[in-house]
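This report concerns only the one structure given below.
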Amino acid sequence: MDETKVKVRDRTYYLWLAVDEKGLPVFVHLSGRRDSWTAKLVLYNTKAKGCTADKGPWYVSAVKGLAMEWLHETFGKRNEVSLEC
C-alpha cells in the first residue's frame, strides 16, 4: 500500500493504491487527506489480513486500529506500481 500526492488545478489530492502480492491493484482511493482515517478506510476495503507500507504515522495508527499485521518497507515491494499520466 502506498499513497502519492497529486495536484489538480492548484488543489492537492492523495491517490491511495493497495496492490496484492502480484502487484495487481485491489483498491484505489482519491482523497483530499493523508491521515490515519483514510489509511484505515483503504486497508479495510482491501479485506487483507496484513499489509506492507512505509512508516507514515497514518499507517501505524490504521493497522493498530484494524489489528492487522504490518511490515514496514521504505523501498521495494511497496513501490512496485507506478502510474503514468
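Throughout, read-outs are computed from the coordinates displayed, never taken from laboratory work. Keep in mind that this is a model prediction, so the values were computed, not measured. Glycine also receives a Cβ, built like all others from the backbone with ideal geometry; neighbour counts cover every protein chain displayed.
Figures for the structure shown
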| item | result |
| --- | --- |
| For 3, 21, order by how many other beta-carbon atoms lie within 10 Å, fewest first | 21, 3 |
| Order by protection proxy (mean Cβ within 10 Å, highest first), peptides 51-60, 28-37 | 51-60, 28-37 |
| Gained length - residue 9 relative to residue 28, 0.36 nm times residue gap less alpha-carbon distance | 4.8 nm |
